[in-house]
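Asker: So that we are looking at the same thing, I have put the structure below in structure tokens.
The values are calculated or read from the model by the stated rules, or taken from the named source; none is laboratory data. Just so it is clear, the structure is predicted and the values come from calculations on it, not from any experiment. A quick note on method: Cβ atoms are made from the backbone with ideal geometry, for glycine too, and the neighbour counts reach across all protein chains shown.
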Amino acid sequence: MLVYSNPSSLSVWISAVLLLSLFVSATGCGSSSSVKEPSGTVEELRAENAELRKKLKEARTEAASLQRGETIKVLSTDVYFRSGSAELTEKGVQELKKVAQRIRTDHPDRTIRVEGYTDSEPIGDNLKDKYPSNWELSAARAARVVRHLRWTHDMDPKRFEVVGFGSYHPVASNETAEGRRKNRRVRVAVLSKSPDNVPQAEE
């Protein structure tokens with residue numbers, strides 16, 4: 001399986017596919033009086049074209065997977081956070097102790113992304129001053145996890161990314177209570193890049 005480390009590599013493959021497609025179309029659509037390549041050559045080009053398209057599809061899938069990273073833990077916010085807040089429960093504190101140990105043992109030099117998600121239920125009126133929308137709530141919970149790992153487990157803050165997705169990436173239907181429960185979550189993932197590859201702000 002091919003993996004593209006930068007956008008320019010992907011562009012080269014796309015250009016190759018387009019050129020081959022045009023060439024195959026041109027050789028296959030000439031008039032009966034035109035000089036044609038042997039059929040075997042055309043078939044070979046078509047086969048190569050199909051193979052390139054397949055590799056492009058695989059590369060895009062692989063790139064998307066690398067961008068999302070490898071999941072370390074998915075925390076159910078119903079269990080690990082207090083209702084309607086970004087405060088961890090005691091169970092959440094204990095679970096993050098295990099997460100921190102796994103990061104240290106298995107991924108000591110990798111970037112960690114913490115993603116917050118909610119269901120589609122609107123924020124209650126009593127919470128809107130603190131969390132105007134589900135984006136703020138999801139981001140606050142993800143940030144709370146990072147702060148805990150940073151201060152309680154003395155982890156390098158440069159290694160972390162915090163993302164709040166709100167209700168826009170459900171893993172289940174929001175039409176049922178069980179589906180909404182699954183959608184209220186925080187995902188801790190390890191990315192393929194190291195902290196040294198994160199762009200630095202200009203002085």
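Asker: Taking into account only those residues within region 100-125 that are in contact (Cβ under 8 Å) with a residue 24 or more places away in the chain and of a type in the set (S, T, N, Q), which is farthest from Gly164 (Cα to Cα)?
Answerer: Applying the filter and picking the extreme gives Thr111.
Asker: Considering region 166-183 alone, what residues qualify as being under 16 Å from Thr71 (Cβ atoms) and out of contact with any helix residue (DSSP H, G or I) (no Cβ under 9 Å at 6 or more places or on another chain)?
Answerer: Lys182, Asn183
Asker: Does Lys158 satisfy being exposed (fewer than 15 other Cβ atoms within 10 Å of the Cβ), within 15 Å of Phe81 (Cβ to Cβ) and either at pLDDT below 95 or of a type in the set (Lys, Arg) (or both)? First the steps, then the outcome.
Answerer: On the way: exposed (fewer than 15 other Cβ atoms within 10 Å of the Cβ): yes; within 15 Å of Phe81 (Cβ to Cβ): no; either at pLDDT below 95 or of a type in the set (Lys, Arg) (or both): yes.
The answer is no for Lys158.
Asker: Let me ask another. Does Ile72 satisfy the condition of being at pLDDT below 95 and closer than 22 Å to Val190 by Cα?
Answerer: Working: at pLDDT below 95: yes; closer than 22 Å to Val190 by Cα: yes.
Answer is yes for this residue.
Residue by residue, here is whether (1) in contact with a Lys or Arg (Cβ under 7 Å, 6 or more places away or on another chain); (2) of a type in the set (Val, Ile, Thr); (3) at pLDDT below 95; (4) not assigned by TED's automatic domain parsing to the domain that holds Ala143 holds:
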| residue | (1), (2), (3), (4) |
| --- | --- |
| Ala63 | no, no, yes, yes |
| Thr89 | yes, yes, no, no |
| Ile103 | no, yes, no, no |
| Gly116 | yes, no, no, no |
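Asker: A further question on this structure: In region 96-114, which residue that is touching a helix residue (DSSP H, G or I) at 6+ places or on another chain (Cβ under 6 Å) and of a type in the set (Val, Ile, Thr) is surrounded by the most Cβ atoms within 10 Å (Cβ to Cβ)? Steps first, please.
Answerer: The initial filter retains those residues of region 96-114 that are touching a helix residue (DSSP H, G or I) at 6+ places or on another chain (Cβ under 6 Å), namely 96, 100, 111-112, 114.
Still in the running and of a type in the set (Val, Ile, Thr): 111-112, 114.
Numbers: Thr111: 20, Ile112: 23, Val114: 25.
Only one residue tops the list, namely Val114.
Asker: If a residue must be aliphatic (A, V, I, L, M) and outside any helix (DSSP H, G or I), how many such residues does region 144-161 contain? Quick ask: steps written out before the conclusion?
Answerer: Pass one, region 144-161, residues aliphatic (A, V, I, L, M): 145-146, 149, 155.
Checking the rest, the ones that are also outside any helix (DSSP H, G or I) come to 155.
So the answer is 1.
Asker: Just give me the residues in region 97-117 being part of a strand (DSSP E or B) and of a type in the set (Ser, Thr, Tyr), in sequence order.
Answerer: Here is the first cut: in region 97-117, the ones part of a strand (DSSP E or B) are 112-117.
Listed by number, the list holds a single entry, Tyr117.
Asker: List the number of the failed condition for Thr77; all other conditions in (1) over 22 Å from Glu178 (Cα atoms); (2) surrounded by 17 or more Cβ atoms within 10 Å (Cβ to Cβ); (3) among the polar types (S, T, N, Q) hold.
Answerer: Failing condition for Thr77: (1).
Asker: Also: Could you tell me which of the residues Ser167, Ser173, Ser120, Ser138 is in the same structural domain as Thr89 (by TED's automatic domain parsing), part of a helix (DSSP H, G or I) and of a type in the set (S, T, N, Q)?
Answerer: Answer to the check: Ser138.
Asker: Quick one: which residue in Val186, Val162, Val145 is in contact with a helix residue (DSSP H, G or I) (Cβ under 6 Å, 6 or more places away or on another chain), touching a residue at least 60 places away in the same chain (Cβ under 8 Å) and closer than 11 Å to Glu115 by Cα? Give the steps one after another, and end with the answer.
Answerer: Details: Val162 fails: touching a residue at least 60 places away in the same chain (Cβ under 8 Å); Val145 fails: in contact with a helix residue (DSSP H, G or I) (Cβ under 6 Å, 6 or more places away or on another chain).
Residue meeting the stated conditions: Val186.
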